[in-house]
Amino acid sequence: FDIDFIDPIDAPGTGTPSFGGIRAHEAINVMRNMPRADYVGMDLVEVNPLLDPSGRTSILSCDLLWNFLAFSYQK
C-alpha cells in the first residue's frame, strides 16, 4: 500500500504526493472491507516522517496497518 495514494491533505509525509487522491477515511474503509483472502504479506511504503512535522502521516499509517490486521483475517 503506497501512502502517496492518499491525498496530501491527510498524508503530507510522502515524497510523491498525489493531489486528488483518496481521503484517509476512504483508505481506512478499504482496509476494513478488503476481500477476505489468505494474505501472504502486506507492506505500507512511501512514508517519510521528515516531510510531515505534524505526524499525521505516521499516525494514519499506523491506523491503516491496524485496520488491515484487525479486519483482514476474519473468516
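The values are calculated or read from the model by the stated rules, or taken from the named source; none is laboratory data. Computed from a predicted model, the values in this text were never measured in an experiment. Positions of Cβ are generated from backbone atoms using ideal geometry, with glycine treated the same way; all protein chains shown enter the neighbour counts. Please note that ligands, DNA and RNA were not included when accessible areas were found on the heavy atoms of the full protein model with its side chains. Shrake-Rupley method; radii C 1.70, N 1.55, O 1.52, S 1.80 Å.
Of the numbered criteria (1) out of contact with any Lys or Arg (no Cβ under 6 Å at 6 or more places or on another chain); (2) open to solvent by 30 Å² or more (accessible area, probe 1.4 Å), the one F71 fails is (1). Taking residues in the stretch 1-25 that are of a type in the set (A, V, I, L, M), and partners anywhere that are part of a loop (DSSP other than H, G, I, E, B), the pairs with Cβ atoms closer than 6 Å and at least 6 places apart or on different chains are I3/A11; I3/T14; I3/E46; I3/V47; I6/G21; A24/D10.
Filter the stretch 1-38 down to the residues that are outside any loop (DSSP other than H, G, I, E, B) and in contact with a Phe, Trp or Tyr (Cβ under 8 Å, 6 or more places away or on another chain), then identify the one that is surrounded by the most Cβ atoms within 10 Å (Cβ to Cβ). Explain how you work it out, then say what you get.
To start, the set of residues in the stretch 1-38 that are outside any loop (DSSP other than H, G, I, E, B) comprises 2-6, 22, 24-32.
In the following step, the residues that additionally are in contact with a Phe, Trp or Tyr (Cβ under 8 Å, 6 or more places away or on another chain) were identified as 22, 27, 31-32.
Working: I22: 15, A27: 22, M31: 19, R32: 12.
Per the criteria, the residue is A27.
Within the stretch 39-48, not a single residue is small (G, A, S), open to solvent by less than 70 Å² (accessible area, probe 1.4 Å) and within 10 Å of the chain's Cα centre (by Cα). Within the stretch 39-63, the set of residues being aliphatic (A, V, I, L, M), in a helix (DSSP H, G or I) and touching a strand residue (DSSP E or B) at 6+ places or on another chain (Cβ under 9 Å) comprises just one member, L60.
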